[in-house]
1. May I ask you to list the residues in region 226-265 that are loosely packed, with under 14 Cβ neighbours inside 10 Å, out of contact with any strand residue (DSSP E or B) (no Cβ under 8 Å at 6 or more places or on another chain) and under 21 Å from residue 289 (Cα atoms)?
2. Kindly list the number of the only condition in (1) surrounded by 14 or more Cβ atoms within 10 Å (Cβ to Cβ); (2) at pLDDT below 50; (3) under 17 Å from residue 328 (Cβ atoms) that fails for residue 91.
3. Considering only region 241-254, I want to know if a residue exists there that is at pLDDT below 90, farther than 23 Å from residue 67 by Cβ and in a loop (DSSP other than H, G, I, E, B).
4. For residue 270, only one of the following conditions fails: (1) at pLDDT 95 or above; (2) within 20 Å of the chain's Cα centre (by Cα); (3) more than 21 Å from residue 248 (Cβ to Cβ). What is its number?
5. Could you grab me the full set of residues in region 264-277 that are closer than 16 Å to residue 245 by Cβ and touching a residue at least 60 places away in the same chain (Cβ under 8 Å)?
6. Suppose we filter 201, 192, 223 for residues that are at pLDDT below 85 and over 16 Å from the mean Cα position of the chain (by Cα); which single one remains?
7. Only residues that are part of a strand (DSSP E or B) and crowded, with 18+ Cβ neighbours inside 10 Å: list them for region 97-107, please.
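The values are calculated or read from the model by the stated rules, or taken from the named source; none is laboratory data. Quantities reported herein were computed from a predicted structural model and do not represent experimental measurements. Every residue, glycine among them, receives a Cβ derived from its backbone with ideal geometry; neighbour counts consider all protein chains shown.
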């Protein structure tokens, strides 16, 4: 696996946003999200997929839109070889995303999405602290763009164009947690420091990938071109979406997206036509993947697998820590623009 490349980290918001629905792989092929049946899941009307709600573009940008997702991170500590896992655990999270208003940045207007996640699990207690982050979206006929600013910075909303905000507005910045003591106790004493270091690298790499997919500290202003990414923006989606479409999310560190296929997802929120988007980067190594699913109702699912290698003081590879992350849309409400 090698050591972690020297890349900056802005926010490890993802460290707490670890999740509650299990996903499965289809053999050795492309990973696909599979949601269990939830007896009490509330599905929004399929009519919201119709174009009459989406006059402003593919991604539904309207103040008041709400999405509720559930997610789960399954962490597994494996020895080198074919032995059973040394430890395995899951951290779940309840995630709320709301378009709370607009904010003017760089002389242009962005819709502000407030994301709040509440993690829970045996290792962190029945309920952990909730944290929030803010993404600024702009859309035109060429794509969906994000202001490249720190997602942990609360917005200054324009005028009265806002909806009630989450009760929790703690910025989504948190240091990577140490390997839980309850797990450390299960490991051979001579290997604990090596696995603890691997855990820290895993948390750091997750932060890098999440940050590079989302927003980081950005400078620069200016109006730039009328369509396409403007100065101070990254590309979330490039229109029109179809199989084979590819684009650069950000050049440094390099992250790109490719639409692998158009498919129908069966989720707790309902059935959705969606685009399966693969994320590529030199930071994503063999045996790892990052994928997002988008539809006309917004972000539908998110899946990734990251692996960190544990190496002892003599340089011997002794095991790996694997993080399988899955998130699916549970219910949502869209308002007509």
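1. Hits for region 226-265 are 251, 252.
2. So the condition that residue 91 fails would be (2).
3. Looking for residues that are at pLDDT below 90, farther than 23 Å from residue 67 by Cβ and in a loop (DSSP other than H, G, I, E, B), one finds at least one in region 241-254, hence yes.
4. Single failed check for residue 270: (2).
5. Just the residues of region 264-277 that are closer than 16 Å to residue 245 by Cβ, to begin with: 273-277.
If the condition is that a residue be closer than 16 Å to residue 245 by Cβ and touching a residue at least 60 places away in the same chain (Cβ under 8 Å), then 273, 276 are the ones that fit.
6. Numbers: 201 fails: at pLDDT below 85; 192 fails: at pLDDT below 85.
Testing whether each residue is at pLDDT below 85 and over 16 Å from the mean Cα position of the chain (by Cα) leaves just 223.
7. Filtering region 97-107 down to residues part of a strand (DSSP E or B) leaves 97-105.
97, 98, 99, 100, 101, 102, 103, 105, listed by residue number.
A quick yes/no check of all residues on (1) over 14 Å from residue 195 (Cα atoms); (2) surrounded by fewer than 24 Cβ atoms within 10 Å (Cβ to Cβ); (3) in contact (Cβ under 8 Å) with a residue 40 or more places away in the chain; (4) touching a strand residue (DSSP E or B) at 6+ places or on another chain (Cβ under 8 Å):
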{"position": "298", "(1), (2), (3), (4)": "yes, yes, yes, yes"}
{"position": "305", "(1), (2), (3), (4)": "yes, yes, yes, yes"}
{"position": "311", "(1), (2), (3), (4)": "no, yes, yes, yes"}
{"position": "316", "(1), (2), (3), (4)": "no, yes, no, no"}
{"position": "331", "(1), (2), (3), (4)": "yes, yes, yes, yes"}
{"position": "336", "(1), (2), (3), (4)": "yes, yes, yes, no"}
